[in-house]
1. For segment 75-101, enumerate the residues that are surrounded by fewer than 21 Cβ atoms within 10 Å (Cβ to Cβ) and either in contact with a strand residue (DSSP E or B) (Cβ under 6 Å, 6 or more places away or on another chain) or β-branched (Val, Ile, Thr) (or both).
2. When only residues in segment 103-151 that are of a type in the set (Val, Ile, Thr) and within 14 Å of residue 14 (Cα to Cα) count, which is nearest to the chain's Cα centre (by Cα)?
3. Being touching a helix residue (DSSP H, G or I) at 6+ places or on another chain (Cβ under 6 Å) and under 30 Å from residue 52 (Cα atoms) is the requirement here; does residue 146 meet it?
4. For segment 1-104, please list each of the helices (runs of 4 or more DSSP H) lying entirely inside it that holds at least 1 residues being touching a Lys or Arg at 6+ places or on another chain (Cβ under 8 Å) and not charged (D, E, K, R).
Amino acid sequence: MFGLQDGIVSTTGVVVGISTGVDNKAIIILAAFVAVTVEATSMAAGQYSSEKAVHQMDKTGKHTDSLIIGGIIMFFAYLLGGAFPILPIVFFPQEISRILAIISAFLGLFVIGYIKGQVVEHRPLRSAVELFIIGSIATIVGVIVGYFLRV
C-alpha cells in the first residue's frame, strides 16, 4: 500500500511539475524514469533499514519476516505506482499527456484507497477520498514549482 501510494503521488508531482516547466518530451520521460527508479531504490533501502531496526529492537524474536523480501516488494510496488503517471506521458502527445497523467494518478489513488478501506473494513469511500486529496496536494505543488521555475 505504502509503495503504491508513494509511487503514484511522488511520481505524479515530478512528472506534472517537469512537464509544466519543460516542453521537451524526451527530457520529461528521462526525468520521470530517473526519478521513479531512484525513488523506488531509495524506498526499498528505507524499507530494509527500517525493518532491520525493528528486528534488532525486538528482543522477543517475534519479527521474523524477510528484510530482503520486504525491500523487493517495496521496490516493485513503488515502480508500479510510478507507472500510473508515466505511461500517459510516454504514449500520448504532450498536449494531453499531462492531463491524462493526472487523471490516471488520481484514479489509481482512488481505487487503491477504496481497496484499502475494503481490506481493513473501514469506510472505503473515505479512504479513497483521503488518498485522492493527498495526490492532489502533491500534484499542485509540482505544477506550482514547474510553472515558476520553467525553462
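1. Selection gives 90, 96, 99.
2. Of all residues in segment 103-151, those of a type in the set (Val, Ile, Thr) come to 103, 111-112, 115, 119-120, 129, 133-134, 137, 139-141, 143-145, 151.
Filter again for within 14 Å of residue 14 (Cα to Cα), leaving 137, 139-141, 143-145.
Values: 137: 13, 139: 11, 140: 15, 141: 15, 143: 16, 144: 19, 145: 18 Å.
Here the residue is 139.
3. On the way: touching a helix residue (DSSP H, G or I) at 6+ places or on another chain (Cβ under 6 Å): yes; under 30 Å from residue 52 (Cα atoms): no.
Judged against the criteria, residue 146 is not a match.
4. Details: elements: 2-21, 25-57, 67-91.
Here the list reads 2-21, 67-91.
Each reported figure results from applying straightforward, stated rules to the coordinates on display, with no laboratory input. Everything quoted here is computed from the prediction, not taken from an experiment. Please note: Cβ atoms are built from the backbone with ideal geometry, for glycine as well, and neighbour counts cover all protein chains shown.
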